[in-house]
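First the structure, in the form of structure tokens, and then the observations on it.
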Amino acid sequence: TDEIMHQDIVPLYAADIQDQLKKQFAYLSGGRGGGGCPVITFPEYPAFSEIPEKEFQNVLTYLTSIP
């Protein structure tokens with residue numbers, strides 16, 4: 001099973017992960033997909049492979065929780 005999908009999701013606030021968000025390895029571009037879902041953009045980020053898994057999860061959890 002995919003353990004990421006089965007974790008308890010704790011609400012995150014931008015203030016809680018501001019240092020992680022400032023890295024801008026992922027962000028909401030403002031676009032919408034065919035189904036109306038927001039598009040998350042992953043720009044070129046030289047140290048992408050060095051981002052800790054928890055930090056990556058935090059940013060994606062936050063971005064996907066924004067209405």
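The values are calculated or read from the model by the stated rules, or taken from the named source; none is laboratory data. Please read these numbers as outputs of a predicted model, since none were measured by experiment. Backbone-built Cβ (ideal geometry, glycine too); neighbour counts: all protein chains shown.
Matching residues to (1) modelled with pLDDT of 90 or more; (2) in a helix (DSSP H, G or I):
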| position | (1), (2) |
| --- | --- |
| MET5 | no, no |
| VAL10 | no, no |
| ASP16 | yes, yes |
| LEU21 | yes, yes |
| PHE25 | yes, no |
| LEU28 | yes, no |
| PHE56 | yes, yes |
| TYR62 | yes, yes |
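With the requirement that a residue be surrounded by 13 or more Cβ atoms within 10 Å (Cβ to Cβ) and either free of Cβ contacts under 8 Å to residues at least 40 places away in the same chain or of a type in the set (Ser, Thr, Tyr) (or both), what does segment 42-63 give you?
Residues of segment 42-63 that are surrounded by 13 or more Cβ atoms within 10 Å (Cβ to Cβ), as a first pass: 45, 48, 51, 55-63.
Hits for segment 42-63 are TYR45, PHE48, ILE51, GLU55, PHE56, LEU60, THR61, TYR62, LEU63.
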Legend entry - Output for segment 25-41, where each listed residue is touching a residue at least 12 places away in the same chain (Cβ under 8 Å) and of a type in the set (Val, Ile, Thr): ILE40, THR41
Legend entry - Index of the failed condition, GLN24 passing every other in (1) surrounded by 10 or more Cβ atoms within 10 Å (Cβ to Cβ); (2) under 12 Å from THR61 (Cβ atoms); (3) out of contact with any Asp or Glu (no Cβ under 6 Å at 6 or more places or on another chain): (2)
